[in-house]
Amino acid sequence: MKIIIKKLLVCLVTIAVITPSAFGQKKKTNKQPAAVSDRQFWLQQMDKMVKPVLYNLAKDSLRINMPQVTSIHIDNKEHRIKVQYVEVLGRVLSGIAPWLQLEGGDAAEVALRKQYRAWVIQGLKNSLDSNAKDFMNYDIGGQQLVDASYVALAFIRAPWLWENLDKKNQELMMKSIVTTRRFKPVFSNWLLFSAMNEAFLAKFGYAWDPMRVDYALQQMEQWYVGDGMYKDGSTYAFDYYNSYVIHPYLATISSIIGSKVKDYNSMFEKVKKRNERYAIIQERLINTDGTYPATGRSIVYRGGAFHHLADMAFRKALPKQLSPEQVRCALTAVIRKTLESPTTYKNGWLTIGLYGSQPDLGDFYNNQGSPYICTNIFLPLGLPSTDAFWANPAAKWSSQKIWAGEDFPNDHSADLR
C-alpha cells in the first residue's frame, strides 16, 4: 500500500511541474498596442491643430466659430480681430503645404490628405468669394502684407494648390496679393514679406517688381552680423526671427529669384552657407527634453521657433553635421513639449502661450491667428515615409549626447560675410 501511495505522489508532482506548453496550450498574454511612429504622431498633432481652421473655412463658418481672442497687451483690439482670418489662413497653409503637395503614404494618410485638400480648395474659394461669410480682404492694414506673404509661401511650397484653383480664383488670389503693395513694410524682416509676394508672382508667371526683391535682399545683406545670424532691423535681438522669417524666407526667395536672374549668385551662395550654420545653432538650442530658451518677442509661436530647422530638413539641405534622424527626434521632442500642456487648446483652438495658456507672454500684435505659425514645424511631413528623415532609426540630438556625458565635437562660430 505504501509503495502504491508513493508512486501516486511521484505522478502528481510530475504533472504539476509539466509546463502548459507541453500539452499544446499557450499562455494568455496581454496584447500591447502598436507603438505610434514619429510620423503618425506628427500627423495626429497636425490634424488636431489645423482641423478647426480648415474645416470651418471650407464650411464658410470660420468667422462664426473662430474665437476673437487677442493678447492682453493688444494695441488695437478691433483691428487685430479683423486681420486674424487672413493671418490664420496663411500661417496654417504655409506649414502644411508640403504635405498637401506630397503623394502616397499609407491608406490612412492618403485619406486624410484627400480630405484636407478638399477643405483647403473649398476654403480658398470661400476666402475669395465676396458673397461668402468668410470672404477675406487683403487691404485693411499693413499686417496683411505679412499675412499675404504666408499665403504666397504656401502656394510656392505646394504648386498643387495653385494648379487646383480655377482660373477665376487664381486671378482673384493674385490680385489680393498685389493689393498689399500699397502698404509700406516696417524697416525690419517685413522687407522679406514684400519680396516673398513678388517671388510668388515670379513663380506663377505674373509681372513682378525686381526693386522690391532687390531692396529686401540688399538690406538683409547689410543686416548680417555673423555666425549665420541677421539683425531684424537696425539693432540685433536675441529672439527667433532668424527662424520665424529671415532664413526660411531668404531660402525660398533665393530659390525662385535665382532661377529668374543670375545677379545674386554670389549672395545666394552665402545665404546657403548661413542657412547651414544657423541650422546647427538651432539644433543645439533644443534641450534634452524638447525645451529651449524662451527668449525674445513672439515666443508664443511655440514650435514655429524651429521653422528654419524644419525647412532645412524638408528641403534636404541640412549640413553634414546634422543627420536627418537626429533632427526628426529633436523636432519631435519640441512638438511634444510645446503641445503637451492641457491648456494648449481651449475648445479646440490654440491658446496664447508657449507651454499652455500664458496670456502675459503675448505681444501687442497677437490675435487668435498668431500662434498658428507653429504649423511650420510640420514641414518635413512633405517628405515621404521612405525618406531617411522618417525611415532611419531614432538618434540622439546634440544636447542629449552632451548631457549624457558622451564625447562630442566642439562648436565654433563662422563669420560667412
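All of the numbers you see were taken from the coordinates with simple rules; none came from a lab. Keep in mind that this is a model prediction, so the values were computed, not measured. Positions of Cβ are generated from backbone atoms using ideal geometry, with glycine treated the same way; all protein chains shown enter the neighbour counts.
Among the candidates ALA195, ALA207, ALA154, ALA216, the residue that is part of a helix (DSSP H, G or I), free of Cβ contacts under 8 Å to residues at least 40 places away in the same chain, of a type in the set (A, V, I, L, M) and touching a helix residue (DSSP H, G or I) at 6+ places or on another chain (Cβ under 8 Å) is uniquely ALA216. The set of residues from region 99-116 being part of a helix (DSSP H, G or I) and either surrounded by fewer than 22 Cβ atoms within 10 Å (Cβ to Cβ) or of a type in the set (S, T, N, Q) (or both) comprises LEU100, GLN101, ALA107, ALA108, GLU109, VAL110, ALA111, LEU112, ARG113, LYS114, GLN115, TYR116. Of all the criteria given as (1) farther than 28 Å from SER298 by Cα; (2) within 20 Å of the chain's Cα centre (by Cα), the one not satisfied by SER370 is (1).
Condition first: more than 18 Å from ILE253 (Cα to Cα) and in a helix (DSSP H, G or I). Now tell me which residues in region 172-192 satisfy that. Correct list: LEU172, MET173, LYS175, SER176, THR179, ARG182.
Please count how many residues of region 66-81 are surrounded by fewer than 18 Cβ atoms within 10 Å (Cβ to Cβ), closer than 21 Å to TRP349 by Cα and out of contact with any Lys or Arg (no Cβ under 9 Å at 6 or more places or on another chain).
5
Of all residue pairs spaced 6 or more apart or on separate chains, those with beta-carbon atoms under 6 Å, a first member in region 119-135 that is part of a helix (DSSP H, G or I) and a second member that is acidic (Asp, Glu) are ASN126/ASP60; ASN126/ASP134; SER127/ASP134.
Report, by residue number, each residue of region 359-413 that is among the small types (Gly, Ala, Ser), surrounded by 21 or more Cβ atoms within 10 Å (Cβ to Cβ) and part of a loop (DSSP other than H, G, I, E, B). Hits for region 359-413 are GLY362, GLY369. Residue count for region 57-81 under the criterion of being assigned to a helix (DSSP H, G or I), touching a helix residue (DSSP H, G or I) at 6+ places or on another chain (Cβ under 9 Å) and without any contact (Cβ under 8 Å) to a residue 24 or more places away in the chain: the result is 1. Within region 261-280, restricting attention to residues that are closer than 17 Å to LYS320 by Cα and among the aliphatic types (A, V, I, L, M), the residue that is surrounded by the most Cβ atoms within 10 Å (Cβ to Cβ) is ALA279.
The sole residue among TYR241, TYR249 that is under 23 Å from SER176 (Cα atoms), within 26 Å of the chain's Cα centre (by Cα) and of a type in the set (Phe, Trp, Tyr) is TYR249.
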